[in-house]
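The next block holds one structure in the form of structure tokens; read it before the comments.
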Amino acid sequence: MSKDIAVIAKPVGSRCNMSCAYCYYLEKGQYSSSKKQTRMSFALLEKLIKNTVEANEGPVVSFVWHGGETTLAGIDFYKQVVALEKKHLPKNKQAWNNLQTNGLILNDEWCRFLKENRFDVGLSIDGDKLTHDKNRRDKGGNPTFDRIYKAAQRLKSHDIMPDLLCTVNAETVKRPKEVYRALRQLDTGWIQFIPVIVVDEKGDIDPISVSPEGYGDFLCDVFDEWIHNDLGKCDVQMFAETAKVWAGGKAAVCHMAETCGQVLVCEEDGSIYSCDHFVDNEHRLGNLMGDNLAKLAQSQRQTDFGNMKKDSLSEECKACPHLKVCNGGCPKDRFGENGQYYLCKGLKKYFDHAYGPLHKVMEMSRKGMKPDEIMKNI
């Protein structure tokens, strides 16, 4: 395993111009040392970039700009990001920037900047208008689908093909094919489905969450639609990662990997946390104003945090035939019986459903068959 790390930077902390019903991050401002979250200072930004460059041996240094809503930091902030990366990157390294956004602020000036500076963009959109507007509303309670759909089209007009991030919640799970087809029609080439699992203070599952059975059915329905119609035209992260592991590779996404802990979070006040889903006092590793990022990443606390994913596997997980492709799921969601992953039942259904068809696809691909020909045979 590479010792290189990636950083999810939160330049405005948990501040956002939307109020999505299932958001897990809006409340994270309570852990900031700032009296009021504003924007990461340029001095702190430079230290973050310099530390991250120095912490990575590989030729590509990864920065994910996340939120809250990242664009609230303003376009001048990201111009400074580019300038500081050029200042601190040696000739044998380059930066990879990924901007995660809800798209509400994006205009032509933003798109030109992102294209000129080769930013990848992740755009949050929950399928079609019916499902999206159920949960993704702005601060005034107004629907946002039409504005975000236009943002996707604007990005494409500037030759930026955004990754589409769609949550699987109690609403989207009801209409899997409609949700998938709406995303597919945007024709950006890449879709991520993110399960929503919200637990209240009593430890009960919030009704907005997807059920394990519903998640499994959703993945199976979308998989069937994809494999019969969209091979070579559109990639779905879950299907691509599953195929990669079954082909002998290693998953690139943390919840499917054997261990985690190589993607740290830097908040607007410089606080460093173990993971995006563990921003709390218990998992605060330190602060960039007084600590070195590489040392925090290599600390025993972070090492133990990363290994916990493997070390705390249930006996059922250890005996599961799908262990190498699931690895027990994300530790934040291991609150089932005996510490079982909440989505276990649904994922087992998907893995069983996809195993045969995906292996046939891989076999035909190795023989040199093209996607259209494979789909006819499938």
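The values are calculated or read from the model by the stated rules, or taken from the named source; none is laboratory data. Please read these numbers as outputs of a predicted model, since none were measured by experiment. So basically every Cβ, Gly included, is an ideal-geometry build from the backbone, and we count neighbours across all protein chains shown. Side chains are part of the model used for accessible areas, which takes the heavy atoms of the whole protein and leaves out ligands, DNA and RNA. Shrake-Rupley method; radii C 1.70, N 1.55, O 1.52, S 1.80 Å.
What's the number of the condition residue 92 fails, among (1) at pLDDT below 95; (2) under 18 Å from residue 26 (Cβ atoms)?
Checking residue 92 against (1) at pLDDT below 95; (2) under 18 Å from residue 26 (Cβ atoms), the one that fails is (2).
Kindly indicate which of 145, 113 is within 27 Å of residue 207 (Cβ to Cβ), modelled with pLDDT of 95 or more and more than 19 Å from the chain's Cα centre (by Cα).
Checking each option against the conditions leaves just 145.
From the list 370, 309, 332, which one is basic (Lys, Arg), touching a residue at least 12 places away in the same chain (Cβ under 8 Å), surrounded by fewer than 17 Cβ atoms within 10 Å (Cβ to Cβ) and touching a Gly at 6+ places or on another chain (Cβ under 8 Å)?
Checking each option against the conditions leaves just 370.
Name the pairs: first residue in region 350-367 and under 14 Å from residue 228 (Cα atoms), second residue at pLDDT below 95, Cβ to Cβ under 8 Å, at least 6 apart or on different chains?
Short answer, once both residue conditions are applied: 357/378; 360/377; 360/378; 361/378.
When residues of region 266-309 are filtered for being basic (Lys, Arg) and in contact with a Cys (Cβ under 9 Å, 6 or more places away or on another chain), how many remain?
1
Among helices (runs of 4 or more DSSP H) lying entirely in region 126-198, which contain 3 or more residues that are farther than 20 Å from residue 350 by Cα and open to solvent by 40 Å² or more (accessible area, probe 1.4 Å)?
Output list reads 129-135, 145-157.
Got at least one residue in region 296-303 being in contact with a Lys or Arg (Cβ under 6 Å, 6 or more places away or on another chain) and farther than 30 Å from residue 377 by Cβ? Break it down stepwise before answering.
Filtering region 296-303 for residues in contact with a Lys or Arg (Cβ under 6 Å, 6 or more places away or on another chain) gives none.
The answer is no, given that none of the residues of region 296-303 is in contact with a Lys or Arg (Cβ under 6 Å, 6 or more places away or on another chain) and farther than 30 Å from residue 377 by Cβ.
Is it the case that residue 253 is of a type in the set (A, V, I, L, M, F, W, C) and within 29 Å of residue 43 (Cα to Cα)?
no
Which of the helices (runs of 4 or more DSSP H) contained wholly in region 223-324 include at least 1 residues that are under 27 Å from residue 340 (Cα atoms)?
Correct list: 237-246, 300-311, 315-318.
Does residue 14 satisfy the criteria of being in contact (Cβ under 8 Å) with a residue 24 or more places away in the chain and either assigned to a helix (DSSP H, G or I) or open to solvent by 20 Å² or more (accessible area, probe 1.4 Å) (or both)?
Numbers: in contact (Cβ under 8 Å) with a residue 24 or more places away in the chain: yes; either assigned to a helix (DSSP H, G or I) or open to solvent by 20 Å² or more (accessible area, probe 1.4 Å) (or both): no.
Taking the combined requirement at face value, the residue does not satisfy it.
What's the number of the only condition in (1) in contact with a strand residue (DSSP E or B) (Cβ under 9 Å, 6 or more places away or on another chain); (2) open to solvent by less than 20 Å² (accessible area, probe 1.4 Å); (3) over 20 Å from residue 197 (Cα atoms) that residue 301 fails to meet?
(2)
Residues are listed down the side, and each one gets a yes or a no for (1) under 30 Å from residue 317 (Cα atoms); (2) within 24 Å of the chain's Cα centre (by Cα):
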{"site": "339", "(1), (2)": "yes, yes"}
{"site": "343", "(1), (2)": "yes, yes"}
{"site": "347", "(1), (2)": "yes, yes"}
{"site": "354", "(1), (2)": "yes, yes"}
{"site": "359", "(1), (2)": "yes, no"}
{"site": "363", "(1), (2)": "yes, no"}
{"site": "369", "(1), (2)": "no, no"}
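Of the residues in region 2-23, how many are out of contact with any Ser or Thr (no Cβ under 9 Å at 6 or more places or on another chain), closer than 25 Å to residue 44 by Cα and of a type outside the set (D, E, K, R)?
2
Does region 50-65 contain any residue that is assigned to a loop (DSSP other than H, G, I, E, B) and surrounded by 17 or more Cβ atoms within 10 Å (Cβ to Cβ)?
yes
Kindly indicate the residue of region 335-367 that is in a loop (DSSP other than H, G, I, E, B) and not hydroxyl-bearing (Ser, Thr, Tyr) and also surrounded by the fewest Cβ atoms within 10 Å (Cβ to Cβ) among those meeting that condition. Before the answer, list the steps.
Restricting attention to region 335-367, the residues satisfying the condition of being in a loop (DSSP other than H, G, I, E, B) are 335-336, 340-343, 367.
Narrowing further to those that are not hydroxyl-bearing (Ser, Thr, Tyr): 335-336, 340, 343, 367.
Values: 335: 14, 336: 16, 340: 20, 343: 26, 367: 9.
Filtering region 335-367 for residues that are in a loop (DSSP other than H, G, I, E, B) and not hydroxyl-bearing (Ser, Thr, Tyr), the one surrounded by the fewest Cβ atoms within 10 Å (Cβ to Cβ) comes out as 367.
Could you check region 209-222 and list, in sequence order, the residues that are in a loop (DSSP other than H, G, I, E, B) and either open to solvent by less than 30 Å² (accessible area, probe 1.4 Å) or farther than 14 Å from residue 171 by Cα (or both)?
209, 210 - these are the residues of region 209-222 that are in a loop (DSSP other than H, G, I, E, B) and either open to solvent by less than 30 Å² (accessible area, probe 1.4 Å) or farther than 14 Å from residue 171 by Cα (or both).
Against the definition (over 30 Å from residue 169 (Cα atoms) and out of contact with any Phe, Trp or Tyr (no Cβ under 9 Å at 6 or more places or on another chain)), how does residue 139 come out, yes or no? Break it down into steps so the answer makes sense when it comes.
On the way: over 30 Å from residue 169 (Cα atoms): no; out of contact with any Phe, Trp or Tyr (no Cβ under 9 Å at 6 or more places or on another chain): yes.
Criteria not met by residue 139.
Scan (1) more than 30 Å from residue 186 (Cα to Cα); (2) out of contact with any Pro (no Cβ under 8 Å at 6 or more places or on another chain); (3) of a type outside the set (Val, Ile, Thr) for the single condition residue 224 breaks and write down its number.
So the condition that residue 224 fails would be (1).
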